[in-house]
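Worksheet: the structure to be examined is printed underneath.
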Amino acid sequence: MYEHEKIDYVEMPAKDFEGTKAFFGKVFGWSLQDAGPDYLAFTDQGVDGGFFRSDQKMSSEAGSALVIFYSVDIESTQEKIKAANGTISKPTMYFPGGRRFHFLDPNGNEFAVWSDHEANGTLVG
């Protein structure tokens with residue numbers, strides 16, 4: 001259901017559509033659907049969205065918004081990212097209420113993963 005004045009959809013650049021499908025499918029279990037030759041769409045991932053064909057990259061240093069995933073076990077999420085040819089761009093760091101790391105997908109887009117759990121499963125803090 002659509003909610004008035006709430007974030008409804010996110011679009012991100014991607015150069016390699018097949019690599020994007022493989023990466024997000026392997027790491028996060030996404031099923032990306034072709035929506036024409038220059039667009040991939042996803043649904044039911046917290047927010048719906050898509051990838052448009054582009055040589056551009058998302059980077060918080062360049063002023064892009066940062067898309068952040070939540071994980072109860074960021075160590076296992078980090079290992080899945082590495083196994084799917086993602087790159088850890090900022091190691092795990094603490095902030096008030098949790099921990100997070102940043103990564104680059106195979107297109108070079110920057111994302112982050114955060115958790116409110118320690119590696120042993122207890123809550124941070």
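Data table
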quantity: Net length gained if the chain between residue 4 and residue 59 were fully extended (0.36 nm per residue, minus Cα distance); calculated: 17.0 nm
quantity: Option label - Cα extents along the principal axes in Å computed here, alternatives (1) 46, 37, 28; (2) 42, 29, 25; (3) 42, 35, 25; calculated: (1)
quantity: Rounded tilt (10° steps) of 17-28 against the dominant C-alpha axis of the chain; calculated: 30
quantity: By average C-beta atoms within 10 angstrom, highest first, the peptides 28-35, 12-19; calculated: 12-19, 28-35
quantity: Note, ³J(HN,Hα) from phi for region 32-48, Karplus 6.51, -1.76, 1.60, rounded to Hz, x at Gly and Pro; calculated: 8, 10, 5, 10, x, x, 10, 8, 10, 10, 9, 9, 6, 10, x, 8, 7
quantity: Dipole magnitude (debye, nearest 20) for the chain, charges at Cβ of Lys, Arg, Asp, Glu; calculated: 380
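We did not get these values from a lab; they are worked out from the coordinates using the rules stated. Since the model is a prediction, treat every value here as computed from it, not as a measurement. All Cβ positions, glycine included, derive from the backbone under ideal geometry; neighbour counts span all protein chains shown.
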